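Novice: Okay, here's the structure, questions in a sec.
The values are calculated or read from the model by the stated rules, or taken from the named source; none is laboratory data. Small disclaimer: the values here were computed from a predicted structure and weren't measured. No Cβ is skipped: glycine too gets one built from the backbone with ideal geometry, and neighbour counts run over all protein chains shown. Note: accessible area is taken over every heavy atom of the protein model, side chains too, but ligands, DNA and RNA are not part of it. Shrake-Rupley method; radii C 1.70, N 1.55, O 1.52, S 1.80 Å.
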Amino acid sequence: MSHRNKYVLFCILVWLFSCSQPKKDVKDKPHTFHIPVGFKHPDLLGVDSITDFKVKIGKRMFFDKNLSSTKELSCASCHIPSQAFSDTIAISDGVLGRKGFRNAPSLANVAYQPVMFVDGGSPTIEMQVVAPITDSNEMNMDYLEAINYLANDSIYRSWSMVAYGRVPDAYVFTRSIAAYQRTLLSGDAKYDQVVQGDASFTEEEQRGYDLFFSDKTNCSSCHSGNLFTNYTYQNIGLYTTYSDSGRMRITLNEEDRGKFKVPSLRNVALTYPYMHDGSKATLEEVVSFFDRGGKDHPNKSELIKPLHLTEQEQKDIVSFLHTLTDKKFIERHAVNY
Amino acid sequence: MRLIINILVALLAVFMFSCKEKEDNITQTTKQPQGYTPTPYQLNLPQHFPQMPLPMDNPLTEEGVELGRYLFYEKKLSGDNTMSCGSCHKPDAGFSDDRQFSIGIDGMQGNRQAMPIVNLGYAQKFFWDGRSNSLTEQALEPVRDPIEFHENWVNAVSELQADPLYPPMFEKAFGTSTIDSILVAKAIAQFELTMISGNSKFDQWIKREVAFTTDELNGYNLFNALGGGDCLHCHGGTLTTDHSFQNNGLDEFLTDLGLGAVTGDPSDNGKFKVPSLRNIALTAPYMHDGRFNTLDEVIDFYSTGVHANSPNISPNMEFAADGGVNLTPQEKVELKAFLLTLTDTSFINNPDFQDPH
């Protein structure tokens, strides 16, 4: 083959290549995750590459009120971005004045959660997203109707054709909305800046930090690691009789009654009210609860016992917890520009 | 060798055909649903607000408003894709800029403060000097302004056209997937028209839902008292602006002619748009040139800093000859307390007004 012919062949190949992948730069641009210092890259479950475009599709779905039966609620109605994607009331309002039975958790760093729901009832975000949409006490939407809406909305339809090469279906819905949620990474709070040597605690915060990580309180036995949780299920003696059986709801194992997934404490000052049922309004109440050591329950964790903290020590811990608020995360996702 | 080339050409033809067919399929599927059936947008006007005179040539639709929101926060509209409208009309600054002068993509500054975006449907003229007659007209300007986005519309439009996000959204909002600058501006205008703030403490007080503190109530009375703060002539009513153009006596010698430079009428020199005071606590700095950093400075100016001999000073500045309304320190505290009740956090935090990208 002469040089000229090689050149022709090369040109043809280039042409073919460019032709077969139109607009590659825009539609396939991988999403740049704002991965906090010391955090690992979120596990993408190997499902799909997460592209900017898929995240945008998911974000539109997350804020789309058409995904509730009354067209009044979106995911963001109860996972309020400025509250680190949690709700400010104990039990969120569903459609038609209905109420669920648990407090809406923060979605910050949900990408790192090994299982979803406080009872671990859903193994992935992709599976979890279906639940609030279809729950009659939440968005009360018929799942087929929801998918049908997406498939017939010309915008979702076009976007989905470009991003996934298919008309919106359950796959596109669950992957997109999960893709968006996986981008919600929060790990640049004052605490992190202190750890990285870029800021310093006030005296009160420092004392709170010391207490938090001390054997005296044992807070960090469960609230450990970057996300301040070890993802175990614990009964903290919140009640002597639980109306919500917690983990037992999934395992049917009596030893799991009243056990709930240890929540991450990232942005905890914004995620009030607290506990699985939102029964504690303030951080002060929570700390005081742990100080008293909870009520008696056969499944209660051994670590929950009276701590005999002084009032000042309790204040110190609350001050420390406030340093876990990541304002940049809120700005990036709630009022980003 | 000729044979090989022939085969390659044939293959090429086949490939191109198949490739083209695939693209056609995509366009076809995207064009398939319903057609142009936009949903009228139900404007959520507070009950104590006057009717909003909406533009006849740009009816609000759900689809147009949504598209406008994407475009409002679209950085592709700026020359180097680093800025959007939201860069200088920031939600947490009441959709204005916390800097005295916004900085464009080339690091250059203008000479006017970015105006807050709030309740714009009641206005007939836009910009501090009123040089635009509609929101659509206004939205065209920052894009091509060399000290702001420094972009030409042909470029901006072709970037939007190439982004798979937009053609279907334009199709749905305007019945065409062919984008042009007017449609972009219309969509942005639609979005901006929905940005209504009417849930401040002041509004809740009007509706008898909350009570004012003594300071706030005294401040409200001062605000409306002739011989008190004397604010009501221009900033009276629920909207806190009469949408007129006035010279409030900032300077003895004008360095910015304002409305006069637009109309060419010397009797308009020094006049600027009377801004809404809604969310005033968030929209610092103040005045057309952002010269005052705090509300205290603003109140001090109206109290003792007014230049009576400023050309074309507004007749509403009744106490200009005395240098202003001469408030006592206590009155200043009260007036400020009232102004702080105009902050509407549900407005600036409304998820419908945030960046969708």
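Novice: If the requirement is being within 14 Å of chain B (Cβ to nearest Cβ) and at pLDDT below 95, which of these qualifies: A:ILE80, A:ILE133?
Specialist: The unique qualifying residue is A:ILE80.
Novice: Report, by residue number, each residue of segment A:292-312 that is charged (D, E, K, R) and surrounded by 19 or more Cβ atoms within 10 Å (Cβ to Cβ). Before the answer, list the steps.
Specialist: Initial filter on segment A:292-312 (charged (D, E, K, R)): A:292, A:295-296, A:300, A:302, A:305, A:311.
Hit for segment A:292-312 is A:LYS300, nothing else.
Novice: Something else about it: As an exercise: evaluate A:ASN103 against (1) surrounded by 23 or more Cβ atoms within 10 Å (Cβ to Cβ); (2) in a helix (DSSP H, G or I); (3) away from chain B (no Cβ under 14 Å) and give the number of the one condition it does not meet.
Specialist: So A:ASN103 meets the others, but not (2).
Novice: Look at B:GLN161 and say whether it is modelled with pLDDT of 95 or more and either away from chain A (no Cβ under 14 Å) or at negative phi (or both).
Specialist: yes
Novice: Conditions: (1) of a type in the set (D, E, K, R); (2) touching a helix residue (DSSP H, G or I) at 6+ places or on another chain (Cβ under 7 Å); (3) modelled with pLDDT of 95 or more. A:ARG175 meets all but one. Number of the miss?
Specialist: That leaves (3) as the condition not met.
Novice: Just to check your reading of the model, which residue among B:ASN309, B:ASN326, B:ASN349 is surrounded by fewer than 18 Cβ atoms within 10 Å (Cβ to Cβ) and within 14 Å of chain A (Cβ to nearest Cβ)?
Specialist: Of the residues listed, the single one that is surrounded by fewer than 18 Cβ atoms within 10 Å (Cβ to Cβ) and within 14 Å of chain A (Cβ to nearest Cβ) is B:ASN349.
Novice: Hey, among the residues in segment B:174-209 that are in a helix (DSSP H, G or I) and within 14 Å of another protein chain (Cβ to nearest Cβ), which one's least open to solvent (accessible area, probe 1.4 Å)?
Specialist: Filtering first and then ranking leaves B:ALA187.
Novice: Same structure, new question: Take residues that are within 30 Å of A:ARG60 (Cβ to Cβ) and either assigned by TED's automatic domain parsing to the domain that holds A:PHE212 or not hydroxyl-bearing (Ser, Thr, Tyr) (or both) and tell me which of the helices (runs of 4 or more DSSP H) falling wholly in segment A:259-337 contain 3 or more. Talk me through it step by step, then tell me what you get.
Specialist: Details: elements: A:283-292, A:311-322, A:327-333.
Qualifying helices (runs of 4 or more DSSP H): A:327-333.
Novice: Among the residues of segment A:204-220, is any in a loop (DSSP other than H, G, I, E, B), surrounded by fewer than 20 Cβ atoms within 10 Å (Cβ to Cβ) and outside the structural domain of A:LYS295 (by TED's automatic domain parsing)?
Specialist: Looking through segment A:204-220, none of the residues is in a loop (DSSP other than H, G, I, E, B), surrounded by fewer than 20 Cβ atoms within 10 Å (Cβ to Cβ) and outside the structural domain of A:LYS295 (by TED's automatic domain parsing).
Novice: Let me confirm something: among A:SER176, A:SER186, which residue is within 14 Å of chain B (Cβ to nearest Cβ), under 30 Å from A:GLY100 (Cα atoms) and buried (at least 22 other Cβ atoms within 10 Å of the Cβ)?
Specialist: Answer to the selection: A:SER176.
Novice: If you don't mind, another one. Criterion first (touching a Lys or Arg at 6+ places or on another chain (Cβ under 9 Å), in a loop (DSSP other than H, G, I, E, B), within 14 Å of chain A (Cβ to nearest Cβ) and touching a residue at least 60 places away in the same chain (Cβ under 8 Å)) does B:HIS288 satisfy it? Let's see the steps before the verdict.
Specialist: Values: touching a Lys or Arg at 6+ places or on another chain (Cβ under 9 Å): yes; in a loop (DSSP other than H, G, I, E, B): yes; within 14 Å of chain A (Cβ to nearest Cβ): no; touching a residue at least 60 places away in the same chain (Cβ under 8 Å): yes.
Judged against the criteria, B:HIS288 is not a match.
Novice: Right, another one. For segment A:148-191, give me each residue that is part of a loop (DSSP other than H, G, I, E, B) and over 20 Å from the mean Cα position of the chain (by Cα).
Specialist: Correct list: A:ASP153, A:GLY165, A:ARG166, A:VAL167, A:PRO168, A:ASP169.
Novice: Could you list, in sequence order, the residues of segment A:127-142 that are in contact with a helix residue (DSSP H, G or I) (Cβ under 6 Å, 6 or more places away or on another chain) and within 20 Å of A:GLN181 (Cα to Cα)?
Specialist: Within segment A:127-142, A:VAL129, A:ILE133, A:THR134, A:GLU138, A:MET139 meet the criteria.
Novice: Hey, another quick one. Among the residues that make up segment A:314-324, is at least one of them farther than 25 Å from A:ASP119 by Cα, open to solvent by 50 Å² or more (accessible area, probe 1.4 Å) and at pLDDT below 95?
Specialist: Scanning segment A:314-324 turns up no residue that is farther than 25 Å from A:ASP119 by Cα, open to solvent by 50 Å² or more (accessible area, probe 1.4 Å) and at pLDDT below 95.
Novice: Something else about it: Residue check: is B:TRP128 open to solvent by 10 Å² or more (accessible area, probe 1.4 Å) and touching a strand residue (DSSP E or B) at 6+ places or on another chain (Cβ under 7 Å)?
Specialist: For B:TRP128, the condition - open to solvent by 10 Å² or more (accessible area, probe 1.4 Å) and touching a strand residue (DSSP E or B) at 6+ places or on another chain (Cβ under 7 Å) - is met.
Novice: Out of all the residues in segment A:70-100, which are open to solvent by 30 Å² or more (accessible area, probe 1.4 Å), at positive phi and in contact (Cβ under 8 Å) with a residue 24 or more places away in the chain?
Specialist: Within segment A:70-100, A:LEU96 is the sole residue that qualifies.
Novice: So, B:LEU217, is that one touching a Lys or Arg at 6+ places or on another chain (Cβ under 8 Å) and either farther than 21 Å from B:THR345 by Cα or open to solvent by 30 Å² or more (accessible area, probe 1.4 Å) (or both) or not? Quick ask: steps written out before the conclusion?
Specialist: Values: touching a Lys or Arg at 6+ places or on another chain (Cβ under 8 Å): no; either farther than 21 Å from B:THR345 by Cα or open to solvent by 30 Å² or more (accessible area, probe 1.4 Å) (or both): yes.
In short, no.
Novice: Can you tell me which of B:LEU226, B:LEU250, B:LEU282 is outside any strand (DSSP E or B) and surrounded by fewer than 20 Cβ atoms within 10 Å (Cβ to Cβ)?
Specialist: B:LEU226
Novice: Given the criteria open to solvent by 20 Å² or more (accessible area, probe 1.4 Å), out of contact with any Cys (no Cβ under 7 Å at 6 or more places or on another chain) and within 26 Å of A:VAL195 (Cα to Cα), does A:TYR239 qualify?
Specialist: Judged against the criteria, A:TYR239 is not a match.
Novice: So which residues in segment B:291-313 are farther than 19 Å from B:PHE127 by Cβ and in a loop (DSSP other than H, G, I, E, B), if there are any at all?
Specialist: If the condition is that a residue be farther than 19 Å from B:PHE127 by Cβ and in a loop (DSSP other than H, G, I, E, B), then B:ASN293, B:THR294, B:VAL306, B:HIS307, B:ALA308, B:ASN309, B:SER310, B:PRO311 are the ones that fit.
Novice: Consider only pairs whose beta carbons are under 6 Å apart and that are at least six residues apart or on different chains; among these, list those whose first residue lies in segment B:103-128 and is more than 27 Å from B:SER197 (Cα to Cα) and whose second residue is open to solvent by 30 Å² or more (accessible area, probe 1.4 Å) and part of a strand (DSSP E or B).
Specialist: Listed pairs, sorted by first residue: B:GLN109/B:ILE103.
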